[in-house]
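Laboratory data are not the source of any read-out in this text; all were calculated from the coordinates shown. What you see is a predicted model, and the numbers here were worked out from it, not measured in a lab. Positions of Cβ are backbone-derived with ideal geometry, glycine not excepted, and every protein chain shown enters the neighbour counts.
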């Protein structure tokens, strides 16, 4: 029976309101969670955007954690790039900061190429075109991005898929589909976030379907899909249920299409589905008149996910996708 493998629970927006050692404690008991760090230089030190000094302290704590586990279980860390950190990658193909992230212990990096994240999206030109050569902008952002990706194969790159970033993600998909060496780019994933980083659920809770062009690449490039937008402790159970139902419906439709055309090789219905979820806005609280990253809310999310896995596994087929986890890991809080 097909399983839905939850690769990670992304908890984003960690900042100076939390001591790095607190993250270590959570990751020790729940190594499937992934803490997301926002890098936006123009807002460094403000809520959601930690200082570089704090990040360096986190790096030391993470390296000690990984060393103590003989690097067998590594703490999951994702860097979410905003503002000029995005420009460095897309405008100039500069991977200097990417290499620094790798040294700090980050395994994934997300390119937040939206206006709300301080990025000048005029480089994308017209949204009606997916080919970078057809954009009014002279910046070959797709080539710059793929160059950074190919030069840093030991870190995974995440691209937000939404209307605003359409020229970017469509351009990447088009190039990979046209590239005979597309399999070399097996460290790219896509995050379905139609809220564009504003923390709003999809209309009627219906998550967008995966484009056919991206579906074609999933098997050849080992692409994973993530979901974000309005997810939090109060709705994470319903969100996971909706995501799984959406994927099951898509699989049924693909099966019907496959029966109509036996030469159609684009379906992957017998393969386990790997995905992750990510959240940020719903993890904030005001405590002592300060906007803080709330670990209590993180715990509520973890507890809810573990409840689904422990009590509804026969119905949802949802499991944690991490070979390093023991079967007892998700029963600690029940």
Original post:
How far is it, in nm, from the label point at residue 99 to the one at residue 84 when both lie 7 Å from their Cα along the line to the Cβ?
Top reply: 2.0
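Nearest 0.05, what FRET efficiency do residue 222 and residue 286 give at R0 = 51 Å with Cβ-Cβ as r? Mind dumping the intermediate values first?
Details: r = 41 Å, r/R0 = 0.81.
In this case the efficiency is close to 0.80.
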Subject >> Theoretical gain in end-to-end length, residue 179 to residue 42 [0.36 nm per residue, Cα-Cα removed] >> reply: 45.6 nm
**OP:** Quickly rank 212-218, 7-13, 30-36 as a protection proxy: mean count of other C-beta atoms within 10 Å, highest first.
**Re:** 7-13, 30-36, 212-218
Subject >> Simple label model, 7 Å out from Cα along Cβ direction - residue 310 to residue 66, nm >> reply: 3.1
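Ranked from highest to lowest mean number of other Cβ atoms within 10 Å per residue, what is the order of the peptides 106-116, 69-79? Each step should come with its number before you reach the end.
On the way: 106-116: 22.1, 69-79: 17.3.
Ranking, from highest mean packing down: 106-116, 69-79.
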Original post:
When you count, for each residue, the other Cβ atoms within 10 Å and take the mean per peptide, how do 221-231, 55-65 rank with the highest first?
Top reply: 221-231, 55-65
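Please work out how much length the chain gains when fully extended from residue 248 to residue 154, using 0.36 nm per residue of separation minus the C-alpha to C-alpha distance, in nm with one decimal. Mind dumping the intermediate values first?
On the way: separation 94, 0.36 × 94 = 33.84 nm, distance 3.18 nm.
Length difference between fully extended and current span is 30.7 nm.
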Original post:
Of all the Cα-Cα pairs you can form in region 1-158, what percent are over 18 Å apart?
Top reply: 61
Original post:
Say each of residue 296 and residue 238 gets a label point 7 Å from the Cα, pointing the same way as Cα to Cβ; how far apart are those two points in nm?
Top reply: 2.3
